[in-house]
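Worksheet: the structure to be examined is printed underneath.
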Ligand code: 3HC
Ligand code: NAI
């Protein structure tokens with residue numbers, strides 16, 4: 001076999017070593033599957049071979065099937081065929097699991113006759129997270145090897161287990177620092193002792209009753225998740241049917257789920273999140289700057305959470321305030337958050353102490369001098385931010401990245417207040433910043449490529465999902481959100497009720513609707529911004545004027561006089577809305593839920609198209625990633641732009657024209673890009689594919 005082949009075979013000392021090398025994660029592409037079959041055949045045919053070891057190159061063993069192949073016509077051999085080729089060998093086959101063995105990767109290992117794992121290896125069946133079930137024998141071999149209940153648990157929660165836990169459950173035979181050497185030694189021992197029984201021929205399923213009990217609980221909890229039903233059905237077949245029939249049942253479920261739009265959406269989400277970390281137009285060889293210390297300016301709602309994100313990632317951080325009093329308040333809030341996590345059992349006392357130890361509080365901007373990255377999170381006031389960046393140009397060490405957490409303000413204007421605009425960019429975290437995954441990295445006109453690369457890499461280190469945005473009012477997420485907020489207000493004036501608007505979105509899959517969300521966040525934030533910018537939002541303004549500021553005043557769009565957190569519809573709100581409708585000269589009508597949903601979503605999608613058109617976002621997938629990680633968009637619909645493709649762009653264009661005509665609001669007219677795609681039979685996905693090529 002030539003060197004560039006993704007699967008190579010080398011024979012030495014009676015052992016055939018099959019080595020997979022398909023960077024970055026050794027996914028099981030057609031070339032790998034073909035290579036495995038050929039290598040198995042060659043090992044079988046060579047009389048000098050007494051045993052076989054299967055291993056892989058790099059950080060992972062095998063990360064699973066190649067997700068990018070799922071939408072394309074299948075190329076033989078299939079993965080079940082490749083695994084059968086290994087399992088069918090008369091000579092013992094041992095997997096040397098050097099790193100992550102996930103999905104199809106674990107299924108390859110299950111097809112081997114024994115398994116040795118490195119201590120850092122993780123083993124799991126994450127297919128459910130892609131809306132699938134294991135499709136290469138995982139549902140048949142794993143239960144026969146470790147028991148039906150633990151197998152079902154592994155495939156329905158989708159989380160990997162450590163090598164140690166895998167050994168304890170009987171999934172791996174040995175854990176060894178040098179997994180390859182240990183696997184070779186085991187292979188030779190097995191060559192003498194005889195090939196172990198393959199998992200397919202074992203029957204260590206455990207108690208049927210316990211399985212049915214676990215299955216019933218899972219089906220009850222995950223009734224709406226089609227993967228759970230499929231897993232249960234396939235594992236049950238392991239009890240009731242011969243291996244080959246169980247395999248056929250699994251395959252049928254796998255092929256059905258693979259075509260389900262929900263699985264397509266989840267696969268899109270997986271790939272879009274990773275594509276978002278690739279920065280377009282970055283000069284080749286751009287290296288991120290090293291980040292060893294951070295500083296955060298402002299210990300308010302956001303600053304405290306941002307400091308926690310650094311500490312959680314092991315990066316020492318200085319939290320800076322204007323007075324000892326403000327600092328103490330900020331640090332107390334941070335300490336309180338960690339204490340709550342300890343109390344809940346999600347954080348150990350040791351980890352809490354370590355993290356708190358990484359956060360140092362200081363008064364005065366001079367304390368930012370030693371930091372490699374400085375995140376400003378003071379009040380949303382341009383004058384104040386400019387003053388701070390002006391001072392930072394002297395205080396910050398050369399090469400430090402100067403980031404602002406502004407939600408709306410012009411990053412270029414902030415950058416212009418320093419003599420080092422190349423170091424300036426936006427790092428827009430979302431509240432609560434220690435929890436929310438999204439990080440919009442805002443690229444200014446003058447932002448240096450390596451500063452941008454630093455922020456994106458840092459985002460990943462902070463366990464965030466970074467997405468690059470250009471400069472505009474509200475960046476990607478808040479700019480689109482503004483469209484939804486305006487329409488939600490308009491729907492109330494035309495006749496809808498808060499609970500009807502919220503229900504349209506929660507039925508679609510959002511955890512909360514816009515009005516429940518507004519009540520939670522507090523209505524005064526938007527009110528203050530509207531007053532400062534001369535805008536109005538009649539219903540929202542009237543609520544604020546009536547002292548209804550949301551949950552914190554126990555009254556907002558809903559009444560919270562019960563437990564303070566559960567909102568119930570309030571007749572007073574209805575009266576107030578009816579008054580506003582009358583003032584606006586609108587005759588109220590009942591608005592069907594489908595219309596409500598379309599009117600909330602399509603103007604956002606339209607704004608997304610403008611954002612793409614202007615180059616504020618590089619890919620439609622980036623916009624989806626923002627909405628999935630920052631605004632609770634349901635993952636199994638793939639995000640706004642993926643959803644738009646699914647609905648059909650001509651339909652969205654037609655509806656936007658209806659809305660524009662009915663309201664006389666020209667901003668609802670379809671964006672040029674949306675029109676062009678709709679007329680040419682294109683899609684946002686096709687646009688991204690072109691960009692990637
Ligand atoms: N197929 C194709 N590409 C994959 C892939 C896969 N299964 N898994 C990862 N990649 C790609 C990513 O898209 C990314 O590409 P890029 O560099 O071009 O953006 C690259 O590999 C690196 O991935 P990550 O950024 O995620 O790298 P990490 O080091 O953070 O994580 C990992 C590595 C833990 C292996 C993680 O990538 C992962 O969880 N992968 C997916 C595992 C999975 O879901 N497997 C099941 C697939 S379905 C299946 O196997 C069906 C079978 O039952 C028949
Ligand atoms: P906040 O009012 O809770 O905190 C701001 C803090 O900055 C205060 O503690 C204040 O004392 C401190 N501060 C003011 N001037 C300072 C100075 N010169 N030096 C050091 N500290 C100073 O505000 P919040 O909500 O944390 O917002 C901060 C920034 O983050 C704003 O730009 C906001 O737009 C943005 N943001 C807010 C989000 C939110 O949900 N609250 C979400 C994302 C971004």
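What follows draws every value from the coordinates through simple rules; no lab data is involved. Keep in mind it's a predicted model, so treat the numbers as computed, not measured. Cβ coordinates were reconstructed from backbone atoms using ideal geometry, including for glycine residues, and neighbour counts include every protein chain displayed.
Details
- Seen against the Cα atoms of the chain and their longest principal axis, helix 475-494 is set at about 60 degrees.
- Compared with the alpha-carbon gap, the fully stretched path from residue 384 to residue 533 is longer by 51.9 nm at 0.36 nm per residue.
- Translational diffusion coefficient (Stokes-Einstein; Kirkwood radius from C-alpha pairs) of the chain at 4 °C, 1.567 mPa s, in µm²/s: 46
- With Cα atoms, 0 to 90° folded angle of helix 524-533 axis to the chain main axis: 60
- Per-peptide packing, taken as the mean over residues of other Cβ atoms within 10 Å, places 320-328, 368-376, 486-494 in the sequence 368-376, 486-494, 320-328 from highest down.
- Computed [θ] at 222 nm, deg cm²/dmol, the chain (DSSP H ≥ 4; -39,500 (n - 2.57); rounded to nearest 500): -16000 deg cm²/dmol
- Computed E for residue 582/residue 554 - FRET, C-beta separation, R0 25 angstrom, nearest 0.05: 0.40
- Once you reduce the stretch 458-537 and the stretch 124-190 to the center of their Cα atoms, the two points are 43 Å from each other.
- Antiparallel bridges, percent of DSSP beta bridges restricted to the stretch 7-259 (to nearest 5): 30
- Packing rank of 293-306, 131-144, where each peptide gets the mean count of other beta carbons within 10 Å, highest leading: 131-144, 293-306
- Part-to-part distance (alpha-carbon centres) for the stretch 302-335 and the stretch 403-451, which is given in Å: 19
- For the peptides 252-263, 596-607, 60-71, 164-175, residues were scored by their other Cβ atoms within 10 Å and the scores averaged per peptide; the highest-first order is 596-607, 60-71, 164-175, 252-263.
- Net lengthening on full extension, residue 412/residue 676 (0.36 nm per residue, minus Cα-Cα): 92.0 nm
- Axis angle, to the nearest 10 degrees, between helix 208-221 and the longest C-alpha principal axis of the chain: 20 degrees.
- Tensor-based shape of the stretch 294-472 (alpha-carbon gyration tensor, a/c under 1.5 rounded, otherwise prolate or oblate): prolate
- Part-to-part distance (alpha-carbon centres) for the stretch 337-369 and the stretch 215-282, which is given in Å: 39
- The label-point distance for residue 594 and residue 46, in a model that sets each label 7 Å from Cα toward Cβ, rounds to 6.4 nm.
- Note on residue 325 and residue 178: the model spin-label points, each 7 Å out from Cα along the C-beta direction, lie 6.6 nm apart.
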